[in-house]
Structure formats: structure tokens, C-alpha cells
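Asks: Dumping the structure here so I can ask a few things about it.
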Amino acid sequence: MGADLAAGTGSSRRLSDIAYTRILELLFDKRLPAGAFVSQNDLVKLLDIPVAPLRDALKILETEGVLTIHPRSGIQFVKPGLELTRSTYQFRSIIERAAVAVYAETAEEDDLAEIERRHLALIASIEADGLSDAAKSELESLEELLHNAIIGALTNPLIDTSYKRMHNYLRLVRLDRKLTAPLAQRSLREHMQIITACKMRDPAQAEAALQAHFTAAMQRHMGLF
């Protein structure tokens, strides 16, 4: 009986993990509009997940600020706006400025060379062929590759967990962003400034380049240029 209970508990936990992931996928794929107000029953049908694990997933997402549960009313998802954009980039700046100084001094030469190679290849590809779907996918991959490498330099599991949660906010902020070839090139060249500073083993310059990148990225997301 104890084993059955443990198995049931484990199964419920796995289902709540699946529900958590599926809810975020609905948001990121725009099948569920940001700011939407839906009932619990609506989500059960959309996700094909039982009520109990769905509730567990919703509670976690509420603590992470992705949604608000209104008892006997429904679930309201966060709508990205200026405040969420500002808060997200403020958090990134606080964490990554400390991390990039460490990364500049400790990153492996081969890793930096590979990151640089992929950035230069994508810059050349966009210049030649424009911003294709493949280029957009590679841009997203390089965004995660560089910034995750920077965060990883701290080897701090608490920061890793917080940063993963923050990345959900970042993806929400980016849902309605306008992305063109010139804007993609700006972001890549800002990355190159960070990479170059890290290759020079200059923590101060790396931190300055990172802050400049975040300032410009936040302005792009806010539609200022």
C-alpha cells in the first residue's frame, strides 16, 4: 500500500510538471493570449491534465508571478508591459553583471572561441540572406548559450533556479517584440562586445558591455528604437 501511495504521489508530481510546461507552452506559442482570463475547466480541456496536478502547477506559476488565481472566478495570466519589462531587465542586470566579471576571468578559451564563431557566422548569414526562420532560431540559441554560460560561471544553484524562472518572464516580454534583420544584428554585435571583452580577460569592460547590451535590449523591447 505504501508503495502504491508513493507511486501515485510520484505520478501526480510528474503530471503537475507536465501541466506547468504545457501552460507555458500555450503562452509562448500564443495559443493562450497574454493577459487572458480563463477558468480552471478551460485549462483542464486545453491541457488534457486532471484537476489536482493542474492546481499544483497553477500554484507554482502564481508564486512565480506568471498568473493570478482568483478563487471561484478564474485564472488571470500576466500581460507583458513596461513594468514587467523593466523589472525583468533590472533582475538580469543585477545578477549577470556580477556573473560576467567571473566569466571573463574563468571562461574556457575553446568555449569562447566557439561562441564567437557562431555569432560571426550568424552575422554573416543575416547580412547575406536576411532574417530567415533558421536565423531567428539560431539567434535564440545564441542568446541562451551566452547568457546561460555567464550565469553558469557563478556555479550557484540558487541563482540558476531564479534565473530559469526569470527566463519565463523574458520570453513573455518578447512575445510581441518586433524583430528585424537590423535589430537582430544590433543584438549580435552587442554580444560580440561582451565576448571580445571576455576574450581579453577584462572584467570591467565585460561588465560595461553587458550593461550596454541590456540597456539597448530593454529600449528595443519598449519600442524606443
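Asks: So for each of 170-178, 142-150 I average, over its residues, the number of other beta carbons within 10 Å; can you give me the resulting order with the highest mean first?
Replies: Final packing ranking: 142-150, 170-178.
Asks: Take the residue pairs Lys59/Lys178; Lys45/Lys178; Lys79/Lys178; Lys30/Lys136; Lys79/Lys136 and return only those whose Cα atoms are more than 21 Å apart.
Replies: Lys59/Lys178; Lys45/Lys178; Lys79/Lys136
Asks: Among 22-28, 98-104, 204-210, 118-124, how do they line up from the highest to the lowest mean number of other beta-carbon atoms within 10 Å?
Replies: 98-104, 204-210, 22-28, 118-124
Values in this text are rule-based calculations from the coordinates and carry no lab data. Small disclaimer: the values here were computed from a predicted structure and weren't measured. Positions of Cβ are backbone-derived with ideal geometry, glycine not excepted, and every protein chain shown enters the neighbour counts.
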